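Engineer: This is the structure, below, for whatever I ask next.
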Amino acid sequence: MLALRIGTRRDGSRTGVLAYAQEHAREWVTPLVTIEAAERLLRNYGRDKATRRLLERTDIFIVPTVNPDGANYSFYDFNSQRKNMTNHCPPQQSDPALRNQWGVDVNRNYAVGSHDDGYFGASANCQSGTYAGPAEHSEPESRNVIWLAQRFRNIKFAMNVHSYGGYFMWPPGAYKAEGRVTLPRPTKKEEAFFERSSETILEAIAAERGTVIWPQQTGPVTDVLYSAAGNSADELWYDHGIYGWDFEVGADLWNAGTRTWQGVGFQPPFDEGHKEAMEFAAGLISLVGIAADYREH
């Protein structure tokens, strides 16, 4: 699992931004978002004053694929693969014919608001698509992400890139089923910062080709999508104080012929996937701009 570190001062003295993608193997567009953002930053550094300012004031960490083994399997063997490739199933469920059902959902394997803590939205069934694993942080993929947060304390912002559906979200990301009790809500000041920053990022996305993330799909994960017990953004926020967002790239497209909105899927045609990468890379660079202006109070 590889990470890029981009910035003129990579010594911890600048505000850190972590962008990471493809926790779920089948989400093929997501690495392209991070790679496109890295390409723009590096290529434009020498000739664009605004880009140069970003790299002088931030320390950027980019992980194009959190789940490389699952991604490889999705590319070449089973394109719907969601989880990693670790088989924790007992012998009676370990027939190779069941291999497409093995693995751990990396984005349910973290240690805040987890299945083990009693939160909803993950499974103890090793064949489930949302299998949380035998224990919190049982998987190297989740440990790698948290290692970055622990090792580089200057990281204050993070973007977890997923697909698809056109969502833009932040914590809390999990609730307990009984009473729908969420993880603690951000303070009013923190919530206002999430919302202001989100408006800026969404404007950058819309500027590429007019894609608008609907208001009903923008906000805390538990409000606009579902409960995702043991997700990474919650652990980064609650344990490390990192402002963490989730992209769900790939907003629905309007079909003028049928007059309906249609989903783009996890593996859209190249032209659509390229457009998604371009617009959400713009949003990711907008987050870097927010980090460049950030001052802790």
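The values are calculated or read from the model by the stated rules, or taken from the named source; none is laboratory data. Quick caveat: nothing in here was measured; it's all calculated off a predicted structure. Every residue, glycine as well, gets a Cβ built from its backbone with ideal geometry; the counts of neighbours run over all protein chains shown. Protein only, heavy atoms only, side chains kept; ligands, DNA and RNA dropped before computing areas. Shrake-Rupley method; radii C 1.70, N 1.55, O 1.52, S 1.80 Å.
Engineer: Output yes when any residue across the stretch 5-26 is surrounded by 14 or more Cβ atoms within 10 Å (Cβ to Cβ) and either assigned to a helix (DSSP H, G or I) or free of Cβ contacts under 8 Å to residues at least 40 places away in the same chain (or both), and no when none is.
Structural biologist: The answer is no; no qualifying residue exists.
Engineer: Search the stretch 121-154 for residues being open to solvent by 60 Å² or more (accessible area, probe 1.4 Å) and more than 19 Å from the chain's Cα centre (by Cα), and hand back the single one that is nearest to residue 229 (Cα to Cα).
Structural biologist: 124
Engineer: Would you mind finding the one in 165, 118 that is of a type outside the set (A, V, I, L, M), assigned to a loop (DSSP other than H, G, I, E, B) and either open to solvent by 30 Å² or more (accessible area, probe 1.4 Å) or out of contact with any helix residue (DSSP H, G or I) (no Cβ under 9 Å at 6 or more places or on another chain) (or both)?
Structural biologist: From the options 165, 118, the qualifying one is 118.
Engineer: Tell me which of these residue 37 doesn't satisfy, since it passes every other one: (1) in contact (Cβ under 8 Å) with a residue 12 or more places away in the chain; (2) out of contact with any strand residue (DSSP E or B) (no Cβ under 8 Å at 6 or more places or on another chain); (3) part of a helix (DSSP H, G or I).
Structural biologist: (2)
Engineer: Picking from 200, 211, 258, which residue would you name as being touching a residue at least 40 places away in the same chain (Cβ under 8 Å) and open to solvent by 50 Å² or more (accessible area, probe 1.4 Å)?
Structural biologist: 200
Engineer: Quick one: which residue in 244, 173, 230 is in a strand (DSSP E or B), within 14 Å of the chain's Cα centre (by Cα) and buried (at least 18 other Cβ atoms within 10 Å of the Cβ)?
Structural biologist: Answer to the check: 244.
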